[in-house]
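S.K.: First, the structure itself, so that you have it in front of you.
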Amino acid sequence: MFCPSCGVGAQTGQKFCSSCGASLTGVPLGDISDLPTEAVPAAGAFLPPPSFAPPPAPTNSSAPTPPTVVEPAPLDPTVFDFEQYDTTGSLQVITPPTDVLPTQAQGPVTAEVPAVEDAQPFGLTPLLILAVLTGAVTILAAVLDQISYRVSGDVNDALSLTMNDLSSNSLVACIIASVLLVAGAAIGATGRRIGVGLAGGTGLALAGFAAFTASQDVAVLDTLKRGLAEGGITYQLTTTLEVGFWLSIATAVLGALIAGVSVVGALDRRARIHPAVGAAGVLGTLAVVIGSLLPQQSGALADNFSSDQAVGAVQFWKAFFRLTLDIDHASQPPITTYLRLLVLFLLLVGGLVGFIAGTRWGVGMALGSVSVSVWLWASSWAEVGDLPFGIASGNVGSTDFTPHVVTSVGMVVVLVSTCTGAVLAFTSQRR
């Protein structure tokens with residue numbers, strides 16, 4: 001059987017041509033008896049060359065009929081019966097703007113909302129490291145010997161003095177300062193600026209206190225040598241500035257360094273304390289400083305700013321830096337006078353800067369700068385111990401340890417102002 005379209009042979013029962021795909025249904029099988037037979041070549045003989053004759057043309061071929069296009073039937077409008085309604089008009093979607101209703105304020109005007117100071121995770125900061133180091137050095141300076149001397153000849157004597165031997169309230173003052181240093185720096189390590197200010201103010205107060213203590217050591221040795229010289233006796237004096245003396249100087253330097261490092265917390269744009277609190281604190285600080293300079297009993301105001309000269313010219317550096325002290329003063333070495341004024345100056349600076357700033361850092365600075373002075377004032381007023389000297393060794397000319405009334409009034413005002421400022425700073429942070 002052959003495909004009627006292309007003439008390719010097909011198998012019996014095949015329905016479609018494997019070459020052109022034409023349908024083979026109904027094609028007659030045909031008679032194959034008339035097909036030529038070819039002799040099969042013998043084994044090993046050469047095969048004849050293939051025939052390239054074209055296949056015979058199809059005998060029954062018909063032209064394909066074109067496809068019939070069927071048009072869709074038109075839609076009968078009667079199939080869908082819609083109920084018709086008359087137009088009722090257009091709907092106005094966009095409405096005209098209404099009048100703005102007046103609003104009424106509820107409660108007082110609070111200005112801007114204060115920012116909340118979020119606590120940060122505790123971290124080790126340079127301020128905290130310095131505070132811990134300074135606290136340790138301060139305690140060592142308070143318990144170790146400051147000076148010692150030995151006298152031989154007509155008089156034999158030997159003595160060593162600690163900080164508490166010079167003033168019986170010094171050890172507690174050092175402990176208070178050390179605790180506030182570390183506590184303030186630890187609070188500051190959580191991102192709270194009031195702690196940074198507290199550490200800085202305490203460092204400022206400790207710098208003045210430790211430096212003045214070292215100058216008192218020098219004054220004791222100077223007074224001893226002057227007394228022996230005026231006694232008209234033969235003597236040999238050996239004086240030593242002990243480890244505690246040098247630790248006091250180190251404490252003063254570290255305290256000043258802490259005060260400088262704490263300035264980074266002064267840039268605080270948060271809500272400030274009430275100006276009345278700051279003004280009261282400034283006035284109280286001035287009263288404390290001025291009251292400490294007022295003379296009592298036999299003293300004079302000029303005694304705060306001069307040293308009595310006995311022999312030779314007064315030299316600023318000699319009494320502090322020389323181990324063997326010359327007799328240049330009848331009252332006290334100039335360095336003691338100057339460092340006493342330094343204590344009051346640092347107290348004034350810390351209070352004014354803190355209260356004028358009026359920030360959380362400022363409140364901490366004011367509180368820290370007065371911390372040592374509060375204890376010295378309270379212990380001298382209550383006469384705690386044998387030698388409870390007041391702020392900067394008390395008032396000149398005083399026959400007892402009672403502080404001046406102006407100092408007491410100013411100290412109370414400062415304490416009230418700092419506590420009020422701290423409470424206001426805390427409450428504004430919580431809102």
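The values are calculated or read from the model by the stated rules, or taken from the named source; none is laboratory data. Note that the structure is predicted; figures quoted are calculated from it, not measured. A quick note on method: Cβ atoms are made from the backbone with ideal geometry, for glycine too, and the neighbour counts reach across all protein chains shown.
S.K.: Collect the residues in segment 282-294 that are buried (at least 20 other Cβ atoms within 10 Å of the Cβ) and part of a loop (DSSP other than H, G, I, E, B), keeping them in residue-number order.
M.R.: none
S.K.: Shifting gears a bit: Of everything in segment 223-243, what is under 47 Å from the mean Cα position of the chain (by Cα) and assigned to a helix (DSSP H, G or I)? Give them in sequence order.
M.R.: VAL243
S.K.: Sort out which residues of segment 360-383 are crowded, with 24+ Cβ neighbours inside 10 Å and not in a helix (DSSP H, G or I), and write them in order of number.
M.R.: Answer for segment 360-383, where residues must be crowded, with 24+ Cβ neighbours inside 10 Å and not in a helix (DSSP H, G or I): just VAL370.
S.K.: Which of the residues that make up segment 250-281 are of a type in the set (Val, Ile, Thr), more than 25 Å from VAL412 (Cα to Cα) and buried (at least 18 other Cβ atoms within 10 Å of the Cβ)? So that I can check it myself, show each step before the final result.
M.R.: Applying the first criterion (of a type in the set (Val, Ile, Thr)) to segment 250-281 yields 251, 253, 258, 261, 263-264, 273, 277.
Checking which are more than 25 Å from VAL412 (Cα to Cα) leaves us with 251, 253, 258, 261, 263-264.
Residues satisfying the conditions are THR251, ILE258, VAL261.
S.K.: Could you grab the pairs with beta carbons closer than 7 Å, sequence gap of 6+ or different chains, first residue in segment 373-401 and charged (D, E, K, R), second one modelled with pLDDT under 90 and in a loop (DSSP other than H, G, I, E, B)?
M.R.: Matching pairs, first to second residue: GLU383/PHE401.
S.K.: Out of everything in segment 127-186 that is in a strand (DSSP E or B) and of a type in the set (Gly, Ala, Ser), what residue ends up being modelled with the lowest pLDDT? Step through it out loud before you land on a result.
M.R.: In the first step, residues of segment 127-186 are kept if they are in a strand (DSSP E or B); the result is 145-153, 157-162.
When the remaining residues are screened for being of a type in the set (Gly, Ala, Ser), the result is 148, 152-153, 158, 160.
Values: SER148: 93, SER152: 88, GLY153: 83, ALA158: 89, SER160: 92.
Only one residue tops the list, namely GLY153.
S.K.: Are there any pairs, at least 6 apart or on different chains, whose C-beta atoms fall under 6 Å, with the first in segment 220-243 and touching a residue at least 12 places away in the same chain (Cβ under 8 Å) and assigned by TED's automatic domain parsing to the domain that holds ASN164 and the second loosely packed, with under 13 Cβ neighbours inside 10 Å and assigned to a strand (DSSP E or B), and if so, which?
M.R.: THR234/GLY153; TYR235/GLY153; GLN236/GLY153
S.K.: Related question: Residues of segment 390-412 being among the β-branched types (Val, Ile, Thr) and farther than 17 Å from GLY351 by Cβ, which ones? Break it down into steps so the answer makes sense when it comes.
M.R.: Taking segment 390-412 first, the residues among the β-branched types (Val, Ile, Thr) are 391, 396, 399, 402, 405-407, 409, 412.
Hits for segment 390-412 are VAL396, THR399, THR402, VAL405.
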